Amino acid sequence: MFDLQKALSEVAVALHDKMDELLPRANGASSNVISLAGGEAQPETTSVGGEGRVMEAMRYSALSGGKRLRPFLTVSCAALFGVSREASLATAAAMEFLHTYSLIHDDLPAMDDDDLRRGQPSCHIKFGEAAAILAGDALQALAFQILADPDVHRDPSVRCDLIRAVAKAAGCKGMVGGQMLDLEAENKELAVDEIIRLQRLKTGEMFAISCEAGAILGKAPPALRTALHRYAHDIGLAFQITDDLLDVEGTREETGKEVGKDKVKGKASLVTAMGVENAREHARALANQAEAHLMPFDKRANSLRDLARYVITRRS
């Protein structure tokens, strides 16, 4: 029987090792080796000056744990198309670096102003706002550096396709645009369809590209790329609803961050718009719909089906 928690843990461990390898070190002996398949790469040299503090902040935030759902999606979807584990893990690391950059910036006083992330002080609390901003910028740049490397895929057109899709998902018509909508929505009443659009941009687009990246690496036909994109959009929205439910019902110990802040800040969510039970039921419906998108993959996608159920039952 497939054990989702074991599979998530195995990917998380492998991902941690890959990120540790790819992240620069502040001690002058950088491990940021950009050749991903054991070639003749030379480590990049670094100093222990001001940039060393940025590197420490990058490592602090990126290696601090977390659910690693986006990387799991990348690795799982890549496996459907026979992509090598090395290439899928490198791509998954890039996705997690992008996600971490967004969390660092999201926690800043100018954004959500959160002092706690993954059970420890947020990056700007630990290193200061300037270093946190730069660490986020550097993680974003590192992500695209990785995706551009030939060892992610030998075909440059595939790499260009991947970079284009990731940039779109992370940019003003994706995650960044959704974050702007989220900030503007504070203390403002939004209709349900407006909240769904906000959350599909802020959360759903990065879930979608995490899935689609595996299909791009595997040169999957458009129909299968679309199926995975739709699956991920649905679980992304279900994930966000569950996050909002945890903000209402969860504890700081469970979630690793402050709870109850959405209500205080007047943030728009489907929980506030629909009520707790209706929002919970909507998340269940989205998980079921997500599973339906996986029909073309038969039993090979059982891990993704289990994940759809997990995102709506998690407590952290």
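Relative contact order of the chain: 17 percent, from C-alpha pairs under 8 Å at least 6 residues apart in sequence. Charging the Cβ of each Asp and Glu at -1 and of each Lys and Arg at +1, and nothing else, the dipole of the stretch 147-257 about its Cα centre rounds to 680 debye.
Building the convex hull from the alpha-carbon atoms of the stretch 144-257 and averaging its projection over directions returns 8.7 nm².
Output the peptides 56-63, 7-14, 127-134 sorted from most to least packed, where packing is the average of other Cβ atoms within 10 Å over each peptide's residues.
Values: 56-63: 22.2, 7-14: 16.4, 127-134: 17.9.
The most tightly packed comes first, giving 56-63, 127-134, 7-14.
With viscosity set to 1.567 mPa s at 4 °C, what whole-number translational diffusion coefficient in µm²/s follows for the stretch 48-196 from Stokes-Einstein and a Kirkwood radius over Cα pairs? D = 78 µm²/s. Calculate the all-directions average of the projected area of the stretch 4-310's alpha-carbon convex hull, and give it in nm². Orientation-averaged projected area of the Cα hull: 15.0 nm². Simple spin-label estimate for A110 and R197 gives 2.6 nm between the two label positions (7 Å along the Cα-to-Cβ direction from each Cα).
Tell me which DSSP H helices of the chain clear both cut-offs, 15 Å or more of axial length from alpha-carbon atoms and a mean Kyte-Doolittle hydropathy of at least 0.0.
4-22, 69-80, 85-106, 129-147, 156-170, 205-217, 222-249
Loop-resident trypsin sites (Lys or Arg not before Pro) (DSSP state other than H, G, I, E or B) in the stretch 117-154 with no more than 10 further Cβ atoms inside 10 Å of their Cβ: R154.
Multiplying the residue separation of M274 and S316 by 0.36 nm and subtracting their alpha-carbon distance yields 12.9 nm. When the listed pairs K168/K202; K173/K202; K18/K67; K188/K261; K6/K261; K202/K267 are checked against a 21 Å cut-off, the alpha-carbon distance exceeds it for K6/K261.
FYI, it's all coordinate maths here, none of it is from the lab. In this text, all values refer to a predicted model and were calculated from it rather than measured experimentally. Backbone-built Cβ (ideal geometry, glycine too); neighbour counts: all protein chains shown.
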